[in-house]
1. Positive end of the dipole of the chain, charges at C-beta (+1 Lys, Arg; -1 Asp, Glu), about the Cα centre: which of SER91, TRP72, MET42 has its Cα farthest in that direction?
2. Subtracting the Cα-Cα distance from 0.36 nm times the residue separation, let me have the gained length for GLN88 to GLU33 in nm, one decimal.
3. Tally up the carbon and sulfur contribution to the accessible surface of the chain as a whole percent, 1.4 Å probe, everything protein left in place.
4. Could you work out how much longer the chain between HIS22 and ASN80 gets when fully extended? Use 0.36 nm per residue separation minus the Cα distance between them, nm to one decimal.
5. Tell me the per residue accessible area of the chain using a 1.4 Å probe; a whole number in Å² is fine.
6. Which value does Rg/Rh take for the chain over its C-alpha atoms, Rh per Kirkwood?
7. By how many degrees, 0 to 90 and rounded to 10, does the Cα axis of helix 3-42 deviate from the longest principal axis of the chain?
8. Alpha carbons only, please: Rg and Dmax for segment 68-120, in angstrom.
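The values are calculated or read from the model by the stated rules, or taken from the named source; none is laboratory data. Everything numeric here is computed off the predicted structure, so don't read it as measured data. Quick reminder, even Gly has a Cβ in these numbers, built from the backbone with ideal geometry, and neighbours come from all protein chains shown. Heads up: the accessible areas ignore ligands, DNA and RNA and are worked out on the full protein's heavy atoms, side chains in. Shrake-Rupley method; radii C 1.70, N 1.55, O 1.52, S 1.80 Å.
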Amino acid sequence: MDIDAVGIHRKLQLNELEEIRHEAYENARIYKEKTKAFHDKMIRSKTFSIGQKVLLFNSHLRLFPSKLNSKWIGAFVITNVFPYGAVQIQSFKTGQEFKVNGHCLKPYYDLFEEPVVEEIPLHAVGSNEA
């Protein structure tokens, strides 16, 4: 065995390993960029206006989850809209104001009326009623 040849072969193997590791890091970076672009494209922007009624996501439910509890609390009214998605809301019950992230809100539809459905009686076809 030639020690010099073994040393050169070992250095080549280490260089190949470093190239493979660098390529893996580059592929992971490209993958993350693509998935972030896809995720950002699917996010719907929410626009809120002052005086609009909203519901607030109840983040405390993660500690005590239960199936029948609603994930949304409210209704609140928007008193101020700040740049970059921050929103100031006021509670109807207590009158307390606080700032929240706009992603934790969804519009509240106050009066939802069910449409009136006309009932039409169905008669048997071919019946001889006179």
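1. SER91
2. Details: separation 55, 0.36 × 55 = 19.80 nm, distance 3.28 nm.
Once the chain is fully extended between GLN88 and GLU33, it gains 16.5 nm.
3. Numbers: 7130 of 12190 Å².
Percent of accessible area from carbon and sulfur atoms in the chain: 58.
4. Working: separation 58, 0.36 × 58 = 20.88 nm, distance 4.86 nm.
Length difference between fully extended and current span is 16.0 nm.
5. Working: 12190 Å² over 130 residues.
On a per-residue basis, the chain sits at 94 Å².
6. Numbers: Rg = 31.2 Å, Rh = 21.8 Å.
Rg divided by Rh gives 1.43.
7. Helix 3-42 and the main axis of the chain meet at about 10 degrees.
8. Gyration radius and largest Cα-Cα distance of segment 68-120: 15.8, 54 Å.
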